[in-house]
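Any read-out appearing in this document is the output of simple, stated calculations on the displayed coordinates, not a laboratory observation. Just so it is clear, the structure is predicted and the values come from calculations on it, not from any experiment. Cβ placement follows ideal geometry from the backbone for every residue including glycine, while neighbour counts extend to all protein chains displayed.
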Amino acid sequence: MNCTDCHEMISDYVDGMLDLGEQTKIERHLANCEPCRAVRDDLLQIVHFSGQLVMHAPPNPADLWQRIQTQIVAEQPRTATAQLKNWWQRLHSRDFNFSIPQVAAVAAALILVAVISLAVFKKSTDAPPIAGQGNGKEVPLGYNETSPEFQELEQRIRELKATVEQRKASWGSDLQSSFERSMVYVDQSLDESRQEYKNNPADEACRELLRNAYREKVRVLQGFANF
Amino acid sequence: MLLAVVGWCASSATAAVKFDKTYSPQGRARLSVANINGSITVTAWNRKTIAVSAVNESSAPISERVIGDSISLEVRKTIPPGKADFQIFAPADTAISLKNYMGRIEVRGFRNDVSIKSYDSDVRLIDLRIPSIDVNVTAGDIFFDGELTGDGPYTLQTLKGDVDVTLPASNSFQLSTRALSEKINLGDFMSSLTGTSKFPKGISGTHLRGGPRLNLITFNGRIQLHKK
């Protein structure tokens, strides 16, 4: 289970509406995922405090709704003709005396809207390649590796790297070689998946691969940092 | 004289030691093995006991912890790490959890959950009819030949290596494949997938009634799915 799946189900989990299998999967994920545990704790707090709120209800709800409905009906014109006449009267009764500055401001606004519309129209007819066919030369809209999820992973990676660097010198050659090999594969995978995600930000598969590459780097560093 | 002493010290550090233990769980057992450098082979048998046999260097001492039906074996981390090769037989309904840094892993014949985490290991999973599996290696091929019998999920991931899976045509699953290399071959399953979504780096779809998620992921390698 990944964090996206967990977030979709966390609310039902807190409400006790999941079956046992799904509950187990979520709990397994929560055991290893601090951000999702934080989300669960926030939801639990909300439920807890909501439960403590005092219920407010009118003394006679049926009577209240009846009075509201009666008032709405009374304020509306009865027939379509009456409604149209009502609208025309409102329009006719407005005072349309504008000053010269007001007229100039309206004219300027209309000209601005026209110019912007023309520019957008022109741009859309010369559109660059759509997402998924990126040429890699520019970062398309939607690419966002600075999301909190990736930033957290980057931070964790920096911390673990520092720990590993301190301990690496004392390992034997076998362990050092295994670590260096693992890091080469991890960094290669991270670089490639990062580039693919930049080129195809709308591609869910690319985003998942990038997320998995980040998590794998954390896993490798955690494992060797324990040595 | 000095050379003799040094030689003796070196040989003591790497002298092979045998670890032989048998455990008798009362119910369904949970077996965890944490190795560092060496192979782990776990095979199901029709006895009720768990038999562990390991050949380990004296620089790779093995500690055990038994709590009820939960058996944990761990090779203690020493610098430099010693080598230990495990050969284990256990009842088919044992839940298996294996961790390793480097060394081959093989699991054969089980009917309960399997979890494998390693960094540099080829993993072979043979004749597994299991409710869920979670395999995650940094470098190494993953080979799976078995059946999906539960709610899943079934996740096989390697950064560098191939994922090769063989399943019966009757298995229903919700497939998700991701391969940075774009080398995905679903074989005869391709024609029987429905609701297929294709991306440059992945294919998803439903086989038969769908249900348990089958996630196959590799960054630098191939994904191959075969019908048996």
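For Cα pairs less than 8 Å apart in space and 6+ apart in sequence, what is the mean separation divided by the residue count of the stretch B:132-228, i.e. the relative contact order in percent?
37 percent
Rank these for me by crowding, A:C36, A:C3, going from fewest to most other beta carbons within 10 Å.
Ordered from fewest to most neighbouring Cβ atoms within 10 Å, A:C36, A:C3 come out as A:C3, A:C36.
Starting with the highest mean, order B:186-196, B:206-216 by the number of other Cβ atoms within 10 Å, averaged over the residues of each peptide.
The packing order, highest mean first, is B:206-216, B:186-196.
Roughly how crowded by other chains is peptide A:205-217, in terms of the mean Cβ count from those chains within 10 Å of each of its Cβ atoms?
The per-residue average across the peptide is 5.
Across peptide B:145-151, how many C-beta atoms of other chains are within 10 Å of each residue C-beta, on average? Spell out each step's value before the answer.
Values: counts 0, 0, 0, 0, 0, 1, 6.
Per residue, the average neighbour count from other chains is 1.
For the pairs A:K168/B:K18; A:K25/B:K83; A:K198/B:K201; A:K217/B:K99; B:K117/B:K160; A:K161/A:K198, flag any whose C-alpha to C-alpha distance is greater than 23 Å.
Where the Cα-Cα span goes over 23 Å, the pairs concerned are A:K168/B:K18; A:K25/B:K83; A:K161/A:K198.
Between helix B:2-13 and chain B, what is the angle of the helix's C-alpha long axis to the longest principal axis, kept within 0 to 90° and rounded to the nearest 10?
40 degrees
Using the 10 angstrom Cβ neighbour count as an exposure proxy, how do A:E8, B:E74 rank, fewest first? If you can, show how the numbers build up before the last one.
Values: A:E8 9, B:E74 16.
Going from least to most buried by this count: A:E8, B:E74.
When you look at the Cβ of every residue in A:176-186, what mean number of other chain Cβ atoms sits within 10 Å?
5
Arranged from highest to lowest average of other beta-carbon atoms within 10 Å per residue, in what order do the peptides B:139-151, B:162-174 appear?
Ranking, from highest mean packing down: B:139-151, B:162-174.
Using modelled backbone amide H atoms (1.01 Å from N, in-plane), which distant-in-sequence or interchain residues come within less than 5 Å of B:R213's amide H?
Result for B:R213 returns B:Y154, B:Q174.
For chain B, give the share of DSSP beta bridges that are antiparallel, in percent and rounded to the nearest 5; count only bridges with both residues there.
30 percent
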